[in-house]
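Enquirer: Next up is a structure, given as structure tokens.
Any read-out appearing in this document is the output of simple, stated calculations on the displayed coordinates, not a laboratory observation. Bear in mind that the values here come from a model prediction, so they are computed numbers and not experimental data. FYI the Cβ positions are ideal-geometry reconstructions off the backbone, even for glycines, and counts take in every protein chain you see.
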Amino acid sequence: MTRSFSRQTFRFAPSSNGYLHLGHAYSATLNHELAKACGGRMLLRIEDIDVERCRPEFEQAIYDDLGWLGLSWETPVRRQSEHFGDYAGALERLVRQGLAYPCFCSRGEVMAAVASKPDWPRDPDGSPLYPGLCRRLSPVERARRVAQGRAPALRLDVKAALARVASEGAPLDWLEKGVGDATRRIAATPAIWGDAVIARRDIRTSYHIAVVADDALQGVTDVVRGEDLFMATHLHRLLQALLDLPTPAWRHHRLLRDASGQKLSKSLRAKSLRAWRQEGMSPEAARRRLAVEALAPP
Ligand code: GLU
């Protein structure tokens, strides 16, 4: 697909499910600096498809914290919760092509199905690959379960998807700009995720679908994000190929660590930027700290 955007376009895409920490500040600042250095565009996107956990006060805090750091971005900001229709369209396309199927299994049912198989393969997050229980359900059986009020998730049929992409002949890989001179092409191996969930039963979409749909819609040319999302890129490349979306370049950056060596993460309750601010940290001190981090070995 040809790209209609000529300027390099970067984005910082936080979820509004908590306060930002210094690791987010590092990622946002890196995107901002890279955009500035090439005269490119800097976008901010609020990833709030998880409407239960995302809250307006966290979104407001994102604007406040990034503004305090001295960063700027284009407006209007895209808020994913306002675009469920776009994601449904992408999913519908995969279903129509026979590349996605409804799955009624609970996590417990999946675990039970593989419980007697200690060597069952696992995905990069450590979950067992989906054993395919719902892959071949008949249309009648699917309708029966829906009629019982069971809401399905949607899974990608990764084998069928890879066969489709192989039949088109284009290599499935990506340009990883990495750190410094580490630019290289990486072969995408999405089968490591098995039949991944591409629409959760509760919100009817997933991070994976929303992120590839939005990066394409917004003309993002450079995805700069933490290395914790490196493995997800294998799946994102496949989704882009299936949905005929342009391929950006990626740069997965190192994650910041606290004094004990623990990676900063929201779920591990890393100290928030606003807590640092309340303790009197100035934006200059924050920027100095981030500059030191940028020089540290990966
Ligand atoms: N929303 C994701 C997060 O907060 C980042 C998504 C991305 O950069 O692709 O971890």
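Enquirer: List every residue whose amide H lies under 5 Å from the amide H of His253, counting only residues 5 or more places away in sequence or on a different chain, with H placed 1.01 Å from N in the peptide plane.
Expert: Arg225, Gly226, Glu227
Enquirer: Just Leu71, Leu133, Leu264 to compare: in a GNM of the chain, with alpha carbon springs under 10 Å, which one fluctuates most?
Expert: Between Leu71, Leu133, Leu264, it is Leu133 that shows the largest mean-square fluctuation.
Enquirer: Relative contact order for the chain using alpha-carbon pairs under 8 Å, separation at least 6, rounded to a whole percent? It would help to have the intermediate numbers written out before the result.
Expert: Details: 443 pairs, mean separation 71.2, N = 298.
RCO, the chain: 24 percent.
Enquirer: In region 254-298, which GluC sites (Glu not before Pro) fall in coil by DSSP and have 12 or fewer other Cβ atoms within 10 Å? Could the numbers behind the result be given before it?
Expert: On the way: sites: Glu279, Glu284, Glu293; in loops: Glu279.
Of the GluC sites (Glu not before Pro), the ones in loops of region 254-298 whose Cβ has at most 12 other Cβ atoms within 10 Å are Glu279.
Enquirer: If you don't mind, another one. Sorted by mean Cβ packing within 10 Å, highest first, what order do the peptides 163-170, 8-15 take? Please report the intermediate quantities before stating the final value.
Expert: Numbers: 163-170: 11.1, 8-15: 22.6.
The most tightly packed comes first, giving 8-15, 163-170.
Enquirer: In terms of Cα to Cα distance under 16 Å, which aspartates and glutamates are near enough to Lys177, apart from those fewer than 8 places away along the same chain?
Expert: Qualifying aspartates and glutamates at Cα under 16 Å: Glu33, Asp222, Glu227, Asp228.
Enquirer: Projecting each Cα onto the charge dipole of the chain (Lys/Arg +1, Asp/Glu -1 at the beta carbon, about the Cα centre), which of Val146, Val223, Leu235 comes out farthest on the positive side?
Expert: Farthest towards the positive end: Val146.
Enquirer: How much mean residue ellipticity at 222 nm does the chain get from its helices, if each DSSP H run of length 4 or more adds -39500 (n - 2.57) and you divide by all residues, to the nearest 500 deg cm²/dmol?
Expert: Values: 10 runs with 111 residues, N = 298.
Calculated at 222 nm, the ellipticity per residue is -11500 deg cm²/dmol.
Enquirer: Which helices, taking whole DSSP H runs in the chain, have alpha carbons extending 20 angstrom or more along the helix axis plus mean Kyte-Doolittle at least -0.5? Mind dumping the intermediate values first?
Expert: Working: long enough: 22-37 (22 Å, -0.12).
In the chain, the long hydrophobic H runs are 22-37.
Enquirer: For region 136-216, with only Lys/Arg (+1) and Asp/Glu (-1) charged at the beta-carbon, what is the dipole magnitude about the Cα centre, in debye rounded to 20? Walk me through the numbers on the way to the answer.
Expert: Working: 14 positive and 10 negative charges, 121 e Å.
Charge dipole, region 136-216, about its Cα centre: 580 debye, nearest 20.
Enquirer: What residue among Leu43, Leu20, Leu217 shows peak mean-square fluctuation when the chain is described by a Gaussian network model with Cα springs under 10 Å?
Expert: Leu217
Enquirer: Something else now. In the chain, which Cys residues have no partner Cys with a Cβ closer than 4.7 Å?
Expert: Flagged as lacking a Cys partner: Cys38, Cys54, Cys105.
Enquirer: Now for a different question. Rank these for me by crowding, Trp68, Trp73, going from fewest to most other beta carbons within 10 Å.
Expert: On the way: Trp68 16, Trp73 20.
Ranking Trp68, Trp73 by Cβ neighbours within 10 Å, fewest first, gives Trp68, Trp73.
Enquirer: Report the FRET efficiency, 1/(1 + (r/R0)^6), for Ser260 and Glu227, where r is their Cβ-Cβ distance and R0 is 25 Å, rounded to 0.05.
Expert: Numbers: r = 19 Å, r/R0 = 0.77.
It comes to 0.85.
Enquirer: Here's a follow-up. Applying 1/(1 + (r/R0)^6) with R0 = 30 Å to the Cβ-Cβ distance of Ala151 and Asp119, what FRET efficiency is obtained, to the nearest 0.05? Walk me through the numbers on the way to the answer.
Expert: Details: r = 32 Å, r/R0 = 1.07.
Calculated transfer efficiency: 0.40.
Enquirer: Given a 10 angstrom Cα cut-off, can you work out which residue in Cys38, Cys103, Cys134 is the most mobile in a GNM of the chain?
Expert: Its mean-square fluctuation being the largest, the pick is Cys38.
Enquirer: Could I ask something else about it? Under a straight-distance cross-link criterion of Cα-Cα below 20 Å, which lysines are reachable from Lys263, leaving out those fewer than 8 residues away in the same chain?
Expert: Within the straight-line cut-off, Lys263 pairs with Lys271.
Enquirer: Run through region 255-298 and list the trypsin sites (Lys or Arg not before Pro) located in a DSSP loop whose Cβ has at most 15 other Cβ atoms within 10 Å. Mind showing how you got there, number by number?
Expert: On the way: sites: Arg257, Lys263, Lys266, Arg269, Lys271, Arg274, Arg277, Arg287, Arg288, Arg289; in loops: Lys266, Arg269, Lys271.
When the trypsin sites (Lys or Arg not before Pro) of region 255-298 are filtered for loop state and at most 15 Cβ neighbours within 10 Å, Arg269, Lys271 remain.
Enquirer: Which of the lysines could a cross-linker span from Lys117 if the Cα-Cα distance has to be under 18 Å and same-chain partners fewer than 8 positions apart are dropped?
Expert: Those lysines meeting the cut-off do not exist here.
Enquirer: Now a separate question. Where nothing but the Cβ of Lys and Arg (+1) and of Asp and Glu (-1) is charged, how large is the charge dipole of the chain around its Cα centre, in debye to the nearest 20? Spell out each step's value before the answer.
Expert: On the way: 44 positive and 35 negative charges, 85 e Å.
Roughly 400 debye for the chain.
Enquirer: Could you tell me whether region 153-208 comes out rounded, prolate or oblate from its Cα gyration tensor? Rule is a ≥ b ≥ c as square roots of the eigenvalues, rounded for a/c under 1.5, then prolate if a/b exceeds b/c, otherwise oblate.
Expert: Values: a/c = 3.27, a/b = 1.50, b/c = 2.18.
Oblate shape, in that a/c is at least 1.5 and b/c is the bigger or equal ratio.
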